[in-house]
1. When residues of the range 58-68 are filtered for being among the small types (Gly, Ala, Ser) and at pLDDT 95 or above, how many remain?
2. Take Gly268 and tell me if it is surrounded by fewer than 23 Cβ atoms within 10 Å (Cβ to Cβ), modelled with pLDDT of 90 or more and either within 28 Å of the chain's Cα centre (by Cα) or closer than 16 Å to Leu456 by Cβ (or both).
3. Of the conditions (1) in a helix (DSSP H, G or I); (2) at pLDDT below 85; (3) more than 29 Å from Met498 (Cα to Cα), Arg119 satisfies every one except a single condition; which number is it?
4. Taking the condition within 14 Å of the chain's Cα centre (by Cα) and over 21 Å from Gln251 (Cα atoms), does Leu480 pass?
5. Are any of the residues in the range 356-376 of a type in the set (Asp, Glu), under 29 Å from the mean Cα position of the chain (by Cα) and either more than 27 Å from Val455 (Cβ to Cβ) or in a loop (DSSP other than H, G, I, E, B) (or both)?
6. For the range 221-236, how many residues are among the aliphatic types (A, V, I, L, M), modelled with pLDDT of 90 or more, surrounded by 14 or more Cβ atoms within 10 Å (Cβ to Cβ) and not in a strand (DSSP E or B)?
7. Using the structure shown, decide if Val171 is within 23 Å of Leu37 (Cα to Cα) and out of contact with any helix residue (DSSP H, G or I) (no Cβ under 7 Å at 6 or more places or on another chain).
Amino acid sequence: MPSPVLRLTGITKKFGNLVANDSISLELHAGEVLALLGENGAGKSTLVSILFGHYTADEGTIEVSGQPLPPGNPRAALAAGIGMVHQHFTLADNLTVLDNAMLGSETLWQPFTRRDAARARLLEVAGRFGLAVQPDARVGSLSVGERQRVEILKALYRGARILILDEPTAVLTPQEAQALFHTLGQMVAQGLSIIFISHKLGEVLRVSHRVAVLRAGRLVAQAETAQTTQAQLAQWMVGQAVAAPQRRPAQSVGDAVCVLESVSAGAGREKLDQVSLSLRAGEITAIAGVSGNGQLSLAALLCGTLAASAGKLTLLDAPLRADPAWLVDRGVARIPEDRHGVGVVGDLPVWENAVSERLRTSFSRGLWVRRRAARQHAQRILEVFDVRGGGWLTPARALSGGNMQKLILGRALLAPDGRTPRLIVAHQPTWGLDIGAVAYVQQQLVAARDAGAAVLLISDDLDEVLALGDRIAVIHAGKLTEAREATQWSREAIGLAMAGAGV
């Protein structure tokens with residue numbers, strides 16, 4: 001085989017007693033897509049950060065096209081032709097596409113900017129790789145798929161020959177994802193090399209030539225993609241077989257628990273416009289859509305942190321009040337989108353986070369907190385929901401993403417009196433979790449549905465929507481389609497609705 005364009009040899013990185021990368025060696029060849037897989041905390045982000053110069057390895061070397069790469073130097077990584085497209089875009093919305101591409105590419109000592117030459121180069125690169133753009137369009141006016149195209153173009157404009165893509169389809173519609181895969185095919189055909197990081201194993205099997213799997217900081221498997229399966233990849237990542245929940249239709253759908261009638265709320269991109277929806281007991285109603293189309297306002301509305309500006313909301317046939325404590329008392333459980341920002345208070349111990357939403361109603365007497373009862377309940381949550389990473393005195397911020405989500409899930413689903421919640425508002429419940437934690441959270445939501453809860457699942461992950469939703473609606477620009485039986489939707493129809501067709 002020809003010499004690799006990228007060679008990592010014996011890369012080791014420690015943070016105190018934690019070994020994030022343990023003597024990892026990898027190679028990447030020209031025109032190859034290497035999928036880098038692993039659970040959260042497996043060491044992927046650390047390895048990529050070392051490659052891009054954000055971290056310096058304690059041991060090991062990196063070579064690009066046979067030349068050593070200076071450690072801890074992002075400028076050297078860029079000069080060597082390494083580019084990265086982050087999951088959360090790093091674009092300036094108030095600038096044009098051309099301005100974003102040029103940012104940082106010219107020296108401060110240059111007396112004037114060379115916009116004409118930059119425009120010509122941008123259009124040449126865009127034409128070569130089939131990435132159509134309008135150089136003078138403001139990034140803030142672009143769709144999510146177009147913004148990702150600009151991120152890729154920005155890296156190629158700067159001469160990237162090795163491109164790192166971190167969860168590149170996380171916020172794309174199916175049609176936008178297909179367009180991205182087509183672009184990747186054109187890029188590798190012209191000799192570019194790609195490191196593809198994703199939790200979506202179906203996509204990994206489709207776009208990559210080889211896979212490398214990290215677990216607990218070690219490289220545990222490398223294989224040709226054509227010789228692997230999703231089940232094998234999942235087992236390598238987790239260390240054991242992972243059983244995803246099998247799709248089962250709702251067995252016993254009851255009466256409406258919560259009803260929205262022509263409800264408007266919020267402002268800006270998250271505004272809801274005349275939304276109507278009925279959430280029924282024993283059923284999962286899934287909301288699909290690209291993030292930033294009103295999902296945040298919908299979740300806040302049903303959790304009591306946002307009041308409606310128009311329309312009618314009822315919970316159990318009573319007017320729904322914008323009062324979180326009132327809603328918790330009436331059996332509404334929430335799983336918020338931002339587990340770090342609003343799901344837990346990071347500096348408080350696990351036991352205080354576990355009882356925080358029911359502290360006044362279940363674990364206090366007057367001004368006194370019933371600490372023994374509260375800690376016993378917290379311990380029960382840790383045991384029932386398998387929360388690992390420390391006991392009930394551990395600060396919540398010390399938990400991994402998956403264990404933090406299990407803590408939030410346990411707080412929502414395991415009431416002190418043992419009753420099943422009447423309504424569960426699950427907003428991006430598996431976002432950023434590894435495959436094992438995803439399967440666990442999804443199984444718990446299905447179990448809650450089967451126990452009689454009405455579940456509202458708001459998710460950017462179309463696979464999750466199709467796997468769990470009994471009825472599915474699509475949200476776009478604050479408007480919501482009718483919630484129809486999952487069997488009445490195709491993946492293509494949902495994708496078109498996510499882009500605004502028919503909403």
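The values are calculated or read from the model by the stated rules, or taken from the named source; none is laboratory data. Keep in mind it's a predicted model, so treat the numbers as computed, not measured. Reconstructed Cβ throughout: ideal geometry from the backbone, glycine too, with neighbour counts over all protein chains shown.
1. From the range 58-68, those among the small types (Gly, Ala, Ser) are 60, 65-66; that's our starting set.
Pick out the ones that are also at pLDDT 95 or above and you get 60.
Result for the range 58-68: 1.
2. Values: surrounded by fewer than 23 Cβ atoms within 10 Å (Cβ to Cβ): yes; modelled with pLDDT of 90 or more: no; either within 28 Å of the chain's Cα centre (by Cα) or closer than 16 Å to Leu456 by Cβ (or both): yes.
No.
3. Arg119 satisfies all of (1) in a helix (DSSP H, G or I); (2) at pLDDT below 85; (3) more than 29 Å from Met498 (Cα to Cα) except (2).
4. Numbers: within 14 Å of the chain's Cα centre (by Cα): no; over 21 Å from Gln251 (Cα atoms): yes.
Criteria not met by Leu480.
5. From the range 356-376, those of a type in the set (Asp, Glu) are 357; that's our starting set.
Cutting the leftovers down to under 29 Å from the mean Cα position of the chain (by Cα) gives us 357.
Now narrow it down to the ones that are either more than 27 Å from Val455 (Cβ to Cβ) or in a loop (DSSP other than H, G, I, E, B) (or both): none.
Among the residues of the range 356-376, not one is of a type in the set (Asp, Glu), under 29 Å from the mean Cα position of the chain (by Cα) and either more than 27 Å from Val455 (Cβ to Cβ) or in a loop (DSSP other than H, G, I, E, B) (or both), which makes the answer no.
6. First pass over the range 221-236, keeping only residues among the aliphatic types (A, V, I, L, M): 221, 223, 226, 231, 233-234.
Those still in the list that are modelled with pLDDT of 90 or more too: 221, 223, 226, 233.
Restricting the remaining residues to those that are surrounded by 14 or more Cβ atoms within 10 Å (Cβ to Cβ) gives 221, 223, 233.
Then keep just the ones that are not in a strand (DSSP E or B); that gives 233.
Qualifying residue count for the region: 1.
7. Numbers: within 23 Å of Leu37 (Cα to Cα): yes; out of contact with any helix residue (DSSP H, G or I) (no Cβ under 7 Å at 6 or more places or on another chain): no.
Answer is no for this residue.
Each row is one residue, and each column tells you yes or no for (1) closer than 28 Å to Gly38 by Cα; (2) modelled with pLDDT of 90 or more; (3) outside the structural domain of Ser276 (by TED's automatic domain parsing); (4) surrounded by 14 or more Cβ atoms within 10 Å (Cβ to Cβ).
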| position | (1), (2), (3), (4) |
| --- | --- |
| Arg321 | no, yes, no, yes |
| Ile335 | yes, yes, no, yes |
| Gly341 | yes, no, no, no |
| Arg370 | no, no, no, yes |
| Arg380 | no, yes, no, yes |
| Phe385 | yes, no, no, yes |
| Thr394 | yes, no, no, yes |
